[in-house]
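Q: Take a look at the following structure, please.
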Amino acid sequence: MARTKRDRRSYSAGEWGRNRVRVFPDPKTGLFQIEWRENGRRLTRSLKHRDWTRAKRQADEAAAGFAVHEPNGKAEAEPKPLTLGTLFDIYGEEVTPTKGRRTQTRDRYSTEMFLGFFGRDRDPATLSQRDWDRFIRERRAGRVGPSGQPVRNRTIEWDLTFLMAVLNWAARSRDDQGRLFLDRNPLKGLRKPTAKNPARVLLTEEEYRAMLGVSRQVNWRFHVAIVLAHETGHRIGAIRHLRWSDIDSAAGI
């Protein structure tokens with residue numbers, strides 16, 4: 001029976017622009033795939049097994065095999081120009097896995113959206129104010145993103161925060177040859193749209209006590225949420241996202 005649980009592991013061997021090889025599990029079958037680039041195209045094939053150790057060894061062997069045959073008899077191939085697709089792939093392999101589960105999901109969602117909008121082959125160094133403004137305009141109108149619905153400034157702000165994180169990381173990180181991925185973040189200094197904080201209604205002490213008195217009739221969770229909102233000042237949305245891992249009973253916090 002095919003394994004359907006998604007496995008996010010991946011392993012890369014070799015150097016970017018030269019003999020880079022990556023292995024990763026197929027999200028539908030669980031069989032490991034091997035991926036490499038040839039003449040600017042990304043190619044993949046199935047390794048037809050689920051042995052992680054064996055897959056990594058095959059990646060190392062494949063990278064070593066590519067390194068032996070240099071194009072045009074040169075000792076070393078010229079590095080290929082960096083593209084947005086490559087940059088987001090590297091960030092997704094090295095940085096995204098260090099984040100929380102929900103943030104990883106949002107990273108993948110945002111990656112697909114930006115690559116679909118700007119194009120995988122776009123040189124990230126050529127991004128400009130015009131691209132920034134065009135994305136905001138199209139995203140706000142609902143012409144960007146899988147929902148096809150208009151979104152507010154808060155959502156656009158989250159999107160652009162991720163894009164800036166990728167570009168800032170690229171301006172600080174180096175490839176296997178010691179070269180910075182980007183000399184600078186081409187969008188540094190541009191302003192993101194922000195959402196105004198709405199005026200929120202505050203309950204008086206009498207109203208709070210009255211609501212607290214009937215809260216258990218609704219649901220015990222409702223009672224707990226009201227107490228937390230009153231004592232901490234947090235919004236219900238933030239309280240709904242609390243997890244047991246956020247509570248340290250030993251320290252009382």
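Q: Among rounded, prolate and oblate, which fits segment 82-155 when a ≥ b ≥ c are the square roots of the eigenvalues of its C-alpha gyration tensor, a/c under 1.5 means rounded, and a/b larger than b/c means prolate? Could you put the intermediate results ahead of the total?
A: Numbers: a/c = 2.20, a/b = 1.18, b/c = 1.87.
Oblate.
Q: Then there is this: Taking the chain as the reference, fit the longest principal axis to its C-alpha atoms, fit the long axis of helix 220-232 to the helix C-alpha atoms, and give the angle between the two in degrees, 0 to 90, nearest 10.
A: 90
Q: Assuming R0 = 35 Å, can you tell me the calculated FRET efficiency for the pair Asn219 and Thr98, based on Cβ-Cβ distance, to the nearest 0.05? Show your work: numbers first, answer last.
A: Details: r = 37 Å, r/R0 = 1.05.
For R0 = 35 Å, the calculated efficiency reads 0.45.
Q: Please compute the contact order of the chain in relative form: average sequence separation of alpha-carbon pairs under 8 Å and at least six residues apart, divided by the residue count, as a percent. Show your work: numbers first, answer last.
A: Working: 267 pairs, mean separation 26.8, N = 253.
It comes to 11 percent, rounded to a whole number.
Q: Then there's this: Take the cross-link list Lys28/Lys56; Lys56/Lys188; Lys80/Lys192 and give me the ones stretching past 26 Å between alpha-carbons.
A: Lys56/Lys188; Lys80/Lys192
Q: Which order do Arg235, Arg191 take when ranked by solvent-accessible area (1.4 Å probe, heavy atoms of all protein chains), largest first? Kindly include the intermediate steps, with their values, before the conclusion.
A: Working: Arg235 135, Arg191 210 Å².
Per-residue accessible area, sorted high to low, gives Arg191, Arg235.
Q: Not counting ligands, DNA or RNA, and with a 1.4 Å probe, what is His234's accessible surface area in Å² rounded to the nearest 10?
A: Surface accessible to solvent at His234 totals approximately 110 Å².
Q: Would you mind getting the accessible area per residue of segment 81-212, heavy atoms of the protein chains only, 1.4 Å probe, in Å²? It would help to have the intermediate numbers written out before the result.
A: Details: 8180 Å² over 132 residues.
On a per-residue basis, 62 Å².
Q: Over the chain, what percent of the accessible surface lies on carbon and sulfur atoms, probe 1.4 Å? Don't skip to the end; give the middle numbers.
A: On the way: 8720 of 17080 Å².
About 51 percent, which is the carbon plus sulfur part of the accessible surface.
Q: Please find, in a Gaussian network model of the chain (springs between Cα atoms separated by less than 10 Å), the residue of Thr83, Thr29, Thr53 whose mean-square fluctuation is greatest.
A: Sorting by GNM fluctuation, first place goes to Thr53.
Q: Quick one: compute the contact order of segment 98-168, relative version, from alpha carbon pairs under 8 angstrom and 6+ residues apart, as a percent. If you can, show how the numbers build up before the last one.
A: Details: 29 pairs, mean separation 17.6, N = 71.
Result for segment 98-168 is 25 percent.
Q: Under 5 Å between amide hydrogens, which residues at least 5 positions from Gln33 or on another chain qualify, with H placed 1.01 Å from N in the peptide plane?
A: Result for Gln33 returns Phe24, Asp26, Leu47.
Q: Can I ask one more? Order Val23, Val227, Val95 by their accessible area, 1.4 angstrom probe, all chains in place, largest first.
A: On the way: Val23 0, Val227 50, Val95 25 Å².
The ranking, largest first, comes out as Val227, Val95, Val23.
Q: On full extension of the chain, what length is gained from Arg50 through Leu228, given 0.36 nm per residue of separation minus the C-alpha to C-alpha distance?
A: 59.4 nm
Q: How high is the FRET efficiency from Arg143 to Arg209, r the C-beta distance, R0 45 Å, rounded to 0.05? List each step's numbers first, then the result.
A: Details: r = 49 Å, r/R0 = 1.08.
That pair, Arg143 with Arg209, gives E of 0.40.
Q: To make sure I understand the rule: partners must be aspartates and glutamates, Cα under 18 Å from the Cα of Lys48, and not fewer than 8 residues away in the same chain. Which ones qualify?
A: Answer for Lys48, where 18 Å is the Cα cut-off: Asp7, Asp26, Glu35, Asp60, Glu61, listed by chain and number.
Q: Taking a spot 7 Å from the Cα of Lys192 along the direction of its beta carbon, which residues of segment 126-141 have an amide N less than 14 Å from it?
A: Output list for this probe position: 136.
Q: Right, here's the next one. Comparing Ala55, Ala229, Ala195, which has the greatest mean-square fluctuation in the GNM of the chain with Cα pairs linked when under 10 Å apart?
A: Sorting by GNM fluctuation, first place goes to Ala229.
Q: Looking at the chain as a GNM with Cα springs under 10 Å, which of Ile34, Ile136, Ile236 has the largest mean-square fluctuation?
A: Ile236
The values are calculated or read from the model by the stated rules, or taken from the named source; none is laboratory data. Quick caveat, the model's predicted, so the values are computed rather than measured. Using ideal geometry, Cβ is built from the backbone for each residue, glycine included, and neighbour counts are taken over all protein chains shown. These area figures cover heavy atoms from the full protein model, side chains too; ligands, DNA and RNA do not enter into them. Shrake-Rupley method; radii C 1.70, N 1.55, O 1.52, S 1.80 Å.
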